[in-house]
1. May I ask for the percentage of alpha-carbon pairs in segment 309-378 that lie more than 18 Å from each other?
2. First select every other residue whose beta carbon is under 9 angstrom from the beta carbon of TYR334; then total the charges, Lys and Arg +1, Asp and Glu -1.
3. Given a Förster distance of 51 Å, report the FRET efficiency between GLN274 and SER115 from their Cβ-Cβ distance, rounded to the nearest 0.05.
4. Restrict the search to segment 157-253; then list the chymotrypsin sites (Phe, Trp or Tyr not before Pro) that DSSP places in a loop and that have at most 13 other Cβ atoms within 10 Å of their Cβ.
5. Calculate one ³J(HN,Hα) per residue across segment 360-374 by plugging θ = phi - 60° into the Karplus curve 6.51 cos²θ - 1.76 cosθ + 1.60, and present them in order as whole Hz with x for glycine and proline.
6. Rounded, prolate or oblate: which one fits the chain, using the alpha carbon gyration tensor with axes a ≥ b ≥ c (rounded when a/c is under 1.5, else prolate when a/b beats b/c, else oblate)?
7. Based only on the alpha carbon positions, what is the Kirkwood hydrodynamic radius of segment 152-245, in angstrom?
8. Sequence neighbours fewer than 8 away in the same chain don't count; with that in mind, list the aspartates and glutamates whose C-alpha is under 18 Å from LYS181.
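The values are calculated or read from the model by the stated rules, or taken from the named source; none is laboratory data. Being a predicted model, the structure only gives us computed values, none of them experimental. Glycine also receives a Cβ, built like all others from the backbone with ideal geometry; neighbour counts cover every protein chain displayed. Quick note on the areas: whole protein, heavy atoms, side chains included, nothing else; ligands and nucleic acids left out. Shrake-Rupley method; radii C 1.70, N 1.55, O 1.52, S 1.80 Å.
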Amino acid sequence: MQQLLYFLIFTSSLLQSQVIKDSVLGNPKYVKEYVVFLNDSGPFTFMKGDNEYGHATIMRPDNLRKSMSGSWFESDFCRYINNETYYDKNRNITKETWYYKSGEIVDDYTYTYDSLGRLINENSTDKYSTTNKKYIYKGSSKKLKFTEYRSKWENEPEKTYFNNREYHAPFIVTRFDTLSKTDSVFAVTDFVWKKVGENSFQEGNDSIFRKKLCQVNFYDDEFQIKESKFFDYKIDHYNKKLFQSGYTKYERDSLGRIKKETQIQDDKYHYFVQEKNGKYREEIKDGGYASTSAMAYEYYDDGNLKTRTHFYQGNISNRIQFVYKNNRIEKIFYLDTWGKDKNNLKPTEIIFKYKFDKQKNWTEIIKNIDGKDLYKWVREIKYYE
């Protein structure tokens with residue numbers, strides 16, 4: 001039932017699952033990738049003094065790759081990327097080194113896998129520290145049981161932490177009611193707030209595990225989700241109430257695809273107290289901020305995403321139209337209304353110019369903004385024989 005919790009994320013990725021973006025086909029042995037800034041362009045930064053990777057960026061490989069791919073294919077600017085990555089014959093990453101534009105190393109990573117292909121060791125080093133993560137699994141399954149974390153900063157002694165991953169994330173259970181066509185999702189958790197002062201609390205764990213409601217899905221006659229309500233059990237410091245943190249409505253086309261999802265917030269705070277009979281009593285307080293945010297989707301006949309439009313308070317915030325060729329994004333029209341005159345809006349035309357190797361992987365993409373080449377993403381790929 002975890003699919004229910006991450007339904008939107010799964011659906012969003014499925015929309016473009018047919019389109020090749022930054023994946024590497026075949027059997028890669030080594031990939032070096034970096035960005036070249038053309039015609040006085042540069043990486044996207046938010047504040048003066050930000051480095052090339054951006055403002056307050058989480059400097060982990062997964063986040064850096066996601067940030068680069070998102071900005072490259074879905075915006076008129078460009079993030080930064082510069083790394084060397086090595087793979088084994090099973091396509092597992094065994095080593096990767098990330099660089100700043102100057103050539104200085106950001107972080108150096110090595111990974112070790114067991115005979116079942118499970119990651120069992122991760123080492124990372126940078127200018128100031130060394131860390132090691134050891135992963136321990138439950139029998140021969142891929143379910144992670146323990147993590148041992150060792151860290152060593154410059155002149156400090158090494159520190160070691162152990163984490164029981166079975167309790168790290170709450171166990172999820174669901175209860176489906178066939179009459180009302182609702183699915184209630186509960187987290188089974190020992191999380192509690194502990195009072196440490198007059199008005200101070202800290203996170204803790206109890207000796208008792210309790211079911212905490214975290215989501216309710218409402219289904220239509222086709223058993224597709226039409227509405228979802230989300231709840232946060234960590235808001236109330238007295239461990240007695242649930243806070244309604246979100247309410248989303250979904251509209252679908254004749255093929256069952258989401259054509260619009262709307263997040264609605266009224267001007268109230270909604271709390272829920274569980275009674276002895278297991279039902280929840282709602283408490284409503286004034287002081288909230290009413291807002292409506294929506295995402296609308298259009299599709300081509302082949303199922304690929306055509307447009308994605310974001311609305312806030314009923315007005316267009318941004319809009320992207322995708323144009324494809326040979327299963328790749330050839331062009332996008334990008335409209336961002338932030339800080340612009342609403343009466344004089346014109347989308348930016350972005351064209352992607354590809355070069356390919358014999359394995360049909362792209363080795364270079366030039367990103368052209370309104371007729372001017374501004375960014376070049378380069379990949380040098382070596383393959384196993």
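1. 50
2. Once positives and negatives cancel, what remains is -3.
3. On the way: r = 47 Å, r/R0 = 0.92.
It comes out at approximately 0.60.
4. Filter output for segment 157-253: PHE223, TYR238.
5. Computed from phi, the couplings for segment 360-374 are 6, 8, 6, 10, 7, 10, 9, 9, 9, 10, 6, x, 10, 5, 10 Hz.
6. Numbers: a/c = 1.69, a/b = 1.19, b/c = 1.42.
Here the chain falls in the oblate category.
7. Numbers: mean 1/r = 0.0622 Å⁻¹.
One decimal place: 16.1 Å for the Kirkwood radius.
8. Once the sequence-local aspartates and glutamates are set aside, what remains near LYS181 is ASP220, ASP221, GLU222, GLU227, GLU251.
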